[in-house]
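Just so it is clear, none of the values below were taken in a lab; they were calculated from the coordinates. As the structure is a computational prediction, the values presented were derived from the model and not from experiment. Reconstructed Cβ throughout: ideal geometry from the backbone, glycine too, with neighbour counts over all protein chains shown.
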Ligand code: SAM
Ligand code: SF4
């Protein structure tokens, strides 16, 4: 049998698996040993490799959003290109990198507690390299070096592609802070992706909005869209490596292209997200295309029509509304009304009635009255969201709303958050019932980590689905397969089903 894991790289993921279709019962027989063998092999090979590696091992912890996760994959790719190997223990790694988030205060505090532990370690492991990347690095800049003098490198999100160069400066004995606004160069490093089936592709960096609560524009800088040809090239590479699904990423993905120069004869921007979807749709091998996060201000009818027309574009739309009340939206400086938001959803549902609609919402924004908060609850019930990511408002440095005097008490924040979460759970549960007895196409991403007799994947609408592996049948499956699944159980956040033959 051909090796399941690549020969040369001891840490290679099971990308070859889908080339070697295995009979299902055989797959089942090898499950337990399969994973323990792989794990043992990985650790042993890591140790062997470690002996040979002149550079050392690395550990990355990622906080926050998908964009940070995508950045971490690129930085891991750079480190591996430099000769670092992935460590299996954070407290033994030679280089520790925290890719941070400052969207809410609790995310920030978590980073400081992780850093404290590593700073102590550095006192008896002087060769340890300590790096803080991402939004906290950008927000604090050099002052972070003063606060945690054990740090070697502080680098903002715009410097991700420059990691090797910055580490070179550290090797010359410098403590380095790279937080100046920079043009994000095209990535020349292969990302070290966590999935071998679903790949993230950044298409726009930064944000030009000025929501009164949000720290992102000050830490991620102005919008910078990548050129369509560079994006398509990356997708071609993913397809050549047997990836089946891509998710285009951006803080406001539907604002893509506004900073690109080309316009059509009719005066319409040729490089909008809609145009990009048409342009990349023909990449052979890629079966599913997703994108996130969408801003209601830019979500055009043309984009909706494209999603309907283009087979590979999945029927899942993540469009945060933040509040169900127009006055709060105005204070948030969001630039749309609830009516406009509802029209977008109506337009989506008129073409794709079963589309999944997910969103973000903030409760207890400064001055939010009980009635205004209830408008958010009402919107959730009226729309019937498939999922809503909720948060209590958290004052952030250098944002207007943080200075307002009408902040809401922690107690009310907690109460509102609990209530809204309960509503979201019931709404999601009710929405998921529409899948019961339906046949859904599920892209297999792996085995259920808690139950290896089940495959795990997602519907086109992004519902996590567990599928019993049929026993004693001529059934073959592999990572990246799309299989038809009859849904026989629905819950708030996942579905279960059996393979349809
Ligand atoms: N650009 C997207 C948009 O405009 O909808 C959202 C991106 S933002 C990184 C992710 C989410 O974090 C937001 O949708 C918002 O709900 C939440 N968020 C941002 N700032 C926050 C704050 N100060 N307190 C609580 N939640 C916040
Ligand atoms: Fe933050 Fe608003 Fe930009 Fe979204 S659009 S990242 S919420 S400033």
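Side notes on the structure shown:
- For segment 257-360, the square roots a ≥ b ≥ c of the C-alpha gyration tensor eigenvalues yield an a/c of 1.5 or more together with a/b not exceeding b/c, which makes the shape oblate.
- Its relative contact order, with pairs defined as Cα atoms under 8 Å and 6+ residues apart, puts the chain at 12 percent.
- Rounded, prolate or oblate (a/c below 1.5 giving rounded, otherwise prolate when a/b exceeds b/c) for segment 192-296 by Cα gyration tensor: oblate
- A straight chain from residue 342 to residue 494 at 0.36 nm per residue would run longer than the Cα-Cα distance by 52.1 nm.
- Directionally averaged shadow of the chain, computed from the convex hull of its alpha-carbon atoms, nm²: 24.5 nm²
- Reported to the nearest whole Å, the Cα centre-to-centre distance from segment 387-415 to segment 163-200 is 33.
- Hydrodynamic radius of segment 401-485 per Kirkwood, over alpha carbon pairs, in Å: 16.1 Å
- In terms of other Cβ atoms within 10 Å, 185, 218 run from fewest to most in the order 185, 218.
- This ranking places 482, 346, 73 by how few other beta-carbon atoms lie within 10 Å of each, fewest first, which gives 346, 482, 73.
- Computed label-point distance, nm, for sites residue 120 and residue 406 using a 7 Å Cα→Cβ extension: 4.5 nm
- Of 501, 63, 493, the sequence from fewest to most neighbouring Cβ atoms within 10 angstrom is 501, 493, 63.
- Our helix-only sum for the chain, with -39,500 (n - 2.57) per DSSP H run of n ≥ 4 divided by its residues, gives a mean residue ellipticity at 222 nm of -11500 deg cm²/dmol.
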